[in-house]
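Each remark here refers to the structure printed beneath this line.
Rule-based calculations on the coordinates, nothing more; no lab input. Predicted, not measured: the structure shown is a model, and the values here were computed from it. Positions of Cβ are generated from backbone atoms using ideal geometry, with glycine treated the same way; all protein chains shown enter the neighbour counts.
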Amino acid sequence: MVEPTAVSPPRPAGPVAAPLYGLVLTGGRSTRMQRDKATLEYAGQSQLQRAVGLVTPLVERVFVSVRADQTGDPLRARFAQIVDSSNVAGPIAGIIAAQSCHPDVAWLVLACDLPLLDLPTLEHLLRSRRPERQATAYRSSHDGLPEPLCAIYEPSSREAIRAYVGTGRDCPRKFLINGDAALLDQPEPGALDNVNTPKEYGSATFRLLRSAGSAPAAAAGPTAGVRQINVQYYALLREQAGRSFESVMTLAATPRELFQELQQRYPFSLAPEMLRVAINSDFSDWSQQLNEGDSVVFIPPVAGG
């Protein structure tokens, strides 16, 4: 007689994780920054490009969330877009629109203005994902509240978010506070600090330069030496830069250092010796000290007699 083989009771299967798409939010009006935050540059790369680059290897598809009036913007037009829902304001409009377009996927939602966010932080979020919950998000390292703009929203959150908005509310953080969200501690405190003002932009620029080993060792603080400079380009320089004006955050102390910094960003073919420089409408020396808010003009030689 053959003894029956013992069979272990079946283990309940865990939830099957839905496919994961990425959504980079760019629909804000950047009122406090006074310029489009998606275009702010760090190491020659716009915030939007950097955010998309971080998300792309982690998800199946990436979309950029835009307002209806932003669809033709050259920077945003490089990427697949989802237009924000028109019946609600703020970042939750982008989440609703994405879930309406692709209701059966989970969304890794990311604000574009997180210059200190790194790949390990996003990888930790994905490893810690809880597909049986409506969302997985980090706790703020400052106040312990949910960080809604670096979070995974599962398909099960769709109807809950729609019901939440239906009550006249539009704050994604409060949705997570009151909803079924798994909250995680940030592995790198400060990685989700966003940038809303020129001063914060300068601070973030310095922190990134310091982490890359490019910041001056003598700097006395997180924004020491960082200044906002308005730069104008003419003739050949305008063609090579692809713009006639920009406002930059820089550690350059003189026009020469500023031009050398810009040469790393644009294919300038002229050496400083072939140019004239003006600061605040007055011709200047290449070694003159730059100050916060200065307007600098690089002037190439003019052809003809």
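Given H placed on each backbone N at 1.01 Å, which residues far from Q186 in sequence or on other chains put an amide H within less than 5 Å of it?
R139
In a Gaussian network model over the chain where Cα atoms closer than 10 Å are linked, find which of L183, L262, L126 has the largest mean-square fluctuation.
Per the Cα network of the chain with a 10 Å cutoff, L262 tops the list.
Any idea what the relative contact order of the stretch 40-98 is, in percent, if you count C-alpha pairs under 8 Å spaced at least 6 apart? Walk me through the numbers before you get to the answer.
On the way: 52 pairs, mean separation 13.8, N = 59.
So the answer I get is 23 percent.
Only bridges with both residues in the chain count here: give the DSSP antiparallel percent, nearest 5.
Given both bridge residues lie in the chain, the antiparallel proportion sits at roughly 55 percent.
Between helix 157-166 and the chain, what is the angle of the helix's C-alpha long axis to the longest principal axis, kept within 0 to 90° and rounded to the nearest 10?
Roughly 70 degrees between the two axes.
Amide H to amide H, which residues 5 or more places from I82 or on other chains are under 5 Å from it, using H placed in the peptide plane?
V64, S65, V66
Taking θ as phi - 60°, what are the ³J(HN,Hα) couplings along the stretch 272-279 by the Karplus curve (6.51, -1.76, 1.60), each to the nearest whole Hz, with x for Gly and Pro?
x, 5, 8, 10, 10, 10, 10, 10
Would you mind computing the Rg to Rh ratio of the stretch 20-184 from its alpha-carbon coordinates, Kirkwood style for Rh? Don't skip to the end; give the middle numbers.
Numbers: Rg = 14.8 Å, Rh = 15.8 Å.
Reported Rg/Rh, Kirkwood definition of Rh: 0.93.
For every other residue with a beta carbon closer than 12 angstrom to the beta carbon of L290, add +1 if it is Lys or Arg and -1 if Asp or Glu, then tell me the sum. Mind dumping the intermediate values first?
Values: positive: R227, R256; negative: E257, E261, D285, E292, D294.
Taking every Cβ under 12 Å from that of L290, the sum is -3.
Taking 10 °C and 1.306 mPa s as the conditions, I'd like the Stokes-Einstein D for the stretch 214-299 in µm²/s, using the Kirkwood hydrodynamic radius from alpha carbon pairs.
On the way: Rh = 13.2 Å.
Translational D for this selection: 120 µm²/s.
List the equivalent ellipsoid semi-axes of the chain in whole Å, largest first, each obtained as the square root of 5λ for an eigenvalue λ of the Cα gyration tensor.
Details: eigenvalues 427, 89, 65 Å².
Three semi-axes, in Å: 46, 21, 18.
Calculated from DSSP H runs of 4 or more alone, at -39500 (n - 2.57) each and per residue, what is the 222 nm mean residue ellipticity of the chain, nearest 500?
-7000 deg cm²/dmol
Pull up all non-local amide H partners of R276: gap of 5 or more, or a different chain, and H-to-H distance under 5 Å with H placed in the peptide plane.
Placed amide hydrogens put I299 under 5 Å from R276.
Take every Cα pair under 8 Å in the stretch 214-299 that's 6+ residues apart, average their separations, divide by the length, and report that relative contact order as a whole percent. Intermediate values should be presented prior to the final figure.
Working: 127 pairs, mean separation 31.4, N = 86.
Computed over the stretch 214-299, the figure is 37 percent.
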